[in-house]
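So the structure is just underneath, and the comments pick up after that.
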Amino acid sequence: SDAVIGPRAGHPVGMARSPITTHVLDTTRGRPAKDVPVTLATVSVADGSSWSVSGLTDADGRIADLLPASHDLQPGVYVITFECEEYFRRTAAQYGVSGFYPKVAIHFEVKADQVKEHYHVPLLLNPYGYSTYRGS
């Protein structure tokens, strides 16, 4: 069964951070997307471990503490899933547009020679489209 990694704790700027971070920007509104549930999980990693962690985006649309700063990434494939349906439901009345994508799942690979790097996986979201990139 899947293990849950934790506990999580915030960290001051300049301190060690989670090896994987994210943020969600609503490109229709030009604003951060607050309170979007996000889950990060292993798909297939070198040590065979299986785990998932989750959190909510903050007022700036970010989650900086998905994993403890001390977490050692394994080479392999991970998935970060954004639960967008409720966010679109909350903003539909204000902006007159509901969302087409109830969930966005982004698979990404950590290469063996890059396990010590930081991975920032943002989501640029609008009701009828989304994009992502590897940030810093």
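The values are calculated or read from the model by the stated rules, or taken from the named source; none is laboratory data. If you're wondering where the values come from, they're calculated on a predicted model, not measured in any experiment. All Cβ positions, glycine included, derive from the backbone under ideal geometry; neighbour counts span all protein chains shown. For accessibility, only protein heavy atoms count, side chains too; no ligands or nucleic acids. Shrake-Rupley method; radii C 1.70, N 1.55, O 1.52, S 1.80 Å.
Each residue of region 116-128 is assigned a 3J(HN,Hα), and the resulting list reads 8, 7, 8, 10, 10, 10, x, 10, 9, 10, 9, x, 10 Hz, derived from the Karplus form 6.51 cos²θ - 1.76 cosθ + 1.60 (θ = phi - 60°), x at Gly and Pro.
Angle of helix 85-95 to the longest C-alpha principal axis of the chain, folded into 0 to 90 degrees and rounded to 10: 30°.
Distant-in-sequence amide contacts of Tyr119, defined by a placed amide H-H separation under 5 Å and a gap of 5 or more residues or a different chain, comprise Ile20, Thr21. Longest stretch of the chain clear of exposed loop sites (chymotrypsin sites (Phe, Trp or Tyr not before Pro), DSSP loop, at most 11 other Cβ atoms within 10 Å, sites excluded): 1-127. Exposed loop sites here are trypsin sites (Lys or Arg not before Pro) in DSSP loop states with at most 12 other C-beta atoms within 10 Å. What is the longest stretch of the chain lacking them? In the chain, the maximal stretch lacking such sites is 1-110. In straight-distance terms, cross-link reach from Lys111 covers every one of the aspartates and glutamates whose alpha-carbon lies under 15 Å from its own, apart from those fewer than eight places away in the same chain; here that gives Asp47, Asp72. For Cys84, the residues whose amide H sits under 5 Å from its own are Lys103, Val104, ignoring neighbours fewer than 5 places away on the same chain, with H placed 1.01 Å from N.
Our summary of shape: the Cα atoms of region 39-95 have principal axis extents of 46, 21, 13 Å, ordered from largest down, in whole angstrom.
Kindly report the accessible area of the chain per residue (heavy atoms of protein chains, probe 1.4 Å, no ligands, DNA or RNA), in Å². Intermediate results must be reported in sequence, preceding the final value.
Values: 7410 Å² over 136 residues.
In whole numbers, the chain has 54 Å² accessible per residue.
The convex hull built on the alpha-carbon positions of the chain has an orientation-averaged projected area of 8.3 nm².
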